[in-house]
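The values are calculated or read from the model by the stated rules, or taken from the named source; none is laboratory data. Given the structure is predicted, the values throughout are model-derived calculations rather than measurements. Cβ: placed from backbone, ideal geometry, glycine included. Neighbour counts: every protein chain shown. With ligands, DNA and RNA removed, areas are computed over all heavy atoms of the protein, side chains included. Shrake-Rupley method; radii C 1.70, N 1.55, O 1.52, S 1.80 Å.
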Amino acid sequence: MASARTRDPARSIPVRTTVPTLGIGLIGCGFVGRFHSTAIRDIIRRGLLDIRHAAVCDLDETRARSFADITGAPLVTTDARELIASPEVNVVYICVPTAGHKPLVLEAAAHGMHVFCEKPLAATLPDVEEMLAAVENAGVRAGVGLILRHSPILTVLKSLTEDPTIGRLMTIVFRDDQFFPIQGHYQSDWRKDRALAGAGTLLEHSIHDVDVLRWFAGDVTGARGTIRNFAGHDGVEDLATAHLEFDSGAQAQLVSVWHNVLARPSSRRLELFFENAYFHVENDFSGPIMYQKHGDNAVVLAEDEVRVRYLVSLGVDVAAFAGPLRYSLEDYFFLAALLNDRDPFPDFRVAIEAHRLVDAIYRSAGTGGERVNLA
């Protein structure tokens with residue numbers, strides 16, 4: 001499974017290929033770990049990929065054993081290093097709080113192990129750069145949990161915006177709101193602790209949003225930002241705003257909010273104005289797309305049509321991707337890439353560009369909103 005990318009042979013580490021099936025080791029059995037585990041079990045149950053749960057790890061041994069009972073993983077441990085060193089594991093899922101990502105990625109790379117790391121990769125840009133260098137020097141493949149790159153609604157929306165008759169992109173207005181994820185079904189209490197989370201809604205949540213903006217609008221030449229803290233958790237902002245300028249001349253406005261409206265689901269509202277068209281979605285994964293071009297009446301693509309268009313465009317079986325997989329297509333495509341000796345997408349190279357934007361927005365906020373040049 002060695003990557004085709006050129007690397008320094010003297011620094012390369014043999015990639016783990018000791019089992020006929022892809023042995024998955026899951027580190028972190030919390031909310032996000034459950035999300036990935038559910039999808040992986042569904043892939044196994046449907047026989048879609050030659051994979052198996054080989055090991056689970058969590059600091060809470062009871063929780064780790066509960067995961068093992070569900071997944072059938074033979075190795076249960078509270079020591080991530082034991083999991084990484086296991087000959088039965090050749091890909092590790094890192095689903096722990098952000099502060100734990102870097103040491104685990106470096107450890108996995110040193111053992112020649114492929115990696116899937118949840119977003120954000122780390123709290124600081126230099127740490128992300130070190131992680132990227134580690135996986136590339138080791139010759140392992142590394143995917144990242146920027147799940148919106150596998151969003152049916154956004155993928156179909158992007159394809160609709162590639163109509164050459166609609167002219168140039170002028171502006172994007174993006175609002176992302178979510179109740180503070182220390183509550184409700186998230187129960188991620190660590191997100192209010194800067195030592196574990198690194199920061200607040202911009203880094204922990206809207207790393208997705210800046211990645212989407214770059215996906216839709218291209219390279220960013222300048223950024224301005226502000227952050228505010230209403231909840232009072234030190235160093236963990238619950239309001240962030242950003243103004244981005246793109247090489248194309250387009251501009252974007254982002255508002256990211258963590259609030260306490262517990263009955264309101266996590267929501268992303270995205271509006272795109274082109275010279276001759278307008279596009280609008282109210283959800284980030286499933287739902288209808290509304291658009292209007294030239295002098296035509298508005299068109300609404302229904303949710304089911306959006307999903308079918310997405311799956312057909314990928315050449316996969318529409319019927320096979322019902323149930324849990326429709327919400328975690330990233331797991332299927334990441335693992336399929338490894339099995340087919342391809343680099344996964346999105347990878348750490350994609351992620352580092354999102355981290356550069358987040359870093360610029362924080363730097364701007366630190367100066368009172370002055371422009372940070374990225375050209």
Here the residues within the range 44-70 that are in a helix (DSSP H, G or I), closer than 14 Å to Gly28 by Cα and either of a type in the set (D, E, K, R) or in contact with a Ser or Thr (Cβ under 7 Å, 6 or more places away or on another chain) (or both) are Glu61, Arg63, Ala64, Arg65, Phe67
It is to be established whether one or more residues within the range 155-168 are among the aliphatic types (A, V, I, L, M), part of a helix (DSSP H, G or I), touching a Gly at 6+ places or on another chain (Cβ under 6 Å) and more than 24 Å from Glu237 (Cβ to Cβ).
no
Only unsatisfied item for Leu339, checking (1) in contact with a Cys (Cβ under 9 Å, 6 or more places away or on another chain); (2) surrounded by fewer than 18 Cβ atoms within 10 Å (Cβ to Cβ), is (1)
Considering the range 267-304, residues that are within 18 Å of Arg214 (Cβ to Cβ) and open to solvent by less than 60 Å² (accessible area, probe 1.4 Å), and then whichever is modelled with the lowest pLDDT, we arrive at Asp284
Reported set for the range 238-283 where residues are in contact with a Phe, Trp or Tyr (Cβ under 9 Å, 6 or more places away or on another chain), over 26 Å from Leu301 (Cα atoms) and in a loop (DSSP other than H, G, I, E, B) is Asp238, Asn260, Val261, Leu262, Ala263
Counting only residues in the range 71-81 that are farther than 17 Å from Ala109 by Cβ and not hydroxyl-bearing (Ser, Thr, Tyr), the one most open to solvent (accessible area, probe 1.4 Å) is identified as Pro74
Of the residues in the range 147-191, those that are more than 19 Å from the chain's Cα centre (by Cα), closer than 23 Å to Leu121 by Cα and modelled with pLDDT of 95 or more number 0
Would you confirm, using the coordinates I've provided, whether Gly235 is in a loop (DSSP other than H, G, I, E, B) and either closer than 22 Å to Leu157 by Cα or open to solvent by 40 Å² or more (accessible area, probe 1.4 Å) (or both)? no
For Phe230, the lone unmet condition from (1) aromatic (Phe, Trp, Tyr); (2) surrounded by fewer than 19 Cβ atoms within 10 Å (Cβ to Cβ); (3) assigned to a helix (DSSP H, G or I) is (3)
The number of residues in the range 123-162 that are open to solvent by 40 Å² or more (accessible area, probe 1.4 Å) and not β-branched (Val, Ile, Thr) is 9
Just one listed residue, out of Val212, Val128, Val220, is in contact with a Leu (Cβ under 6 Å, 6 or more places away or on another chain), among the hydrophobic types (A, V, I, L, M, F, W, C), over 21 Å from Thr98 (Cβ atoms) and modelled with pLDDT of 95 or more, and it is Val220
By residue number, the members of the range 126-154 that are outside any helix (DSSP H, G or I) and within 16 Å of Ser313 (Cβ to Cβ) are Ser151
Filter pass, Ala320 being modelled with pLDDT of 95 or more and within 28 Å of Ile43 (Cβ to Cβ)
no
Any residue at all in the range 188-205 that's touching an Asp or Glu at 6+ places or on another chain (Cβ under 8 Å), free of Cβ contacts under 8 Å to residues at least 60 places away in the same chain and open to solvent by less than 10 Å² (accessible area, probe 1.4 Å)?
yes
Result of the Cβ filter at 9 Å on the range 350-375, keeping first residues that are more than 18 Å from Glu129 (Cα to Cα) and open to solvent by less than 10 Å² (accessible area, probe 1.4 Å) and partners that are modelled with pLDDT of 95 or more and among the polar types (S, T, N, Q), at least 6 apart or interchain, is Ser364/Thr226
The condition from (1) without any contact (Cβ under 8 Å) to a residue 40 or more places away in the chain; (2) of a type in the set (Lys, Arg); (3) in a loop (DSSP other than H, G, I, E, B) that Lys102 misses is numbered (3)
If you go through Arg264, Arg307, the only one that is in contact with a helix residue (DSSP H, G or I) (Cβ under 6 Å, 6 or more places away or on another chain) and open to solvent by 30 Å² or more (accessible area, probe 1.4 Å) is Arg307
